[in-house]
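These notes concern the structure reproduced below.
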């Protein structure tokens with residue numbers, strides 16, 4: 001027998017917020033409950049697994065981490081501070097000029 005999941009339990013099982021489950025139920029309509037008991041909606045584990053597979057396939061692949069190139073200050077702080085320190089001051093500006 002399949003275990004039944006409420007909206008809250010389904011959210012926990014899928015690692016989503018309950019409001020996200022409700023969004024897919026009522027707005028996107030790509031998640032259909034397997035049954036109701038009163039006003040409560042219930043899902044089987046198989047339904048939740050199929051939903052998770054469809055959602056994972058629809059997302060773009062995650063970006064792989066990029067090695068720091070040194071061209072951005074946040075990617076290589078030592079290189080950026082050396083480059084800034086070695087730049088000559090513009091003509092007409094004294095030492096410690098302002099921007």
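Observations on the structure shown:
- Criterion: at pLDDT 95 or above and either in a helix (DSSP H, G or I) or within 21 Å of the chain's Cα centre (by Cα) (or both) - qualifying residue of 10, 57, 52: 10
- Matching residues, the stretch 14-40, being touching a residue at least 24 places away in the same chain (Cβ under 8 Å) and closer than 15 Å to residue 2 by Cβ: 34, 35
The values are calculated or read from the model by the stated rules, or taken from the named source; none is laboratory data. Here the structure is a predicted model, which means the values were calculated and not measured. FYI the Cβ positions are ideal-geometry reconstructions off the backbone, even for glycines, and counts take in every protein chain you see.
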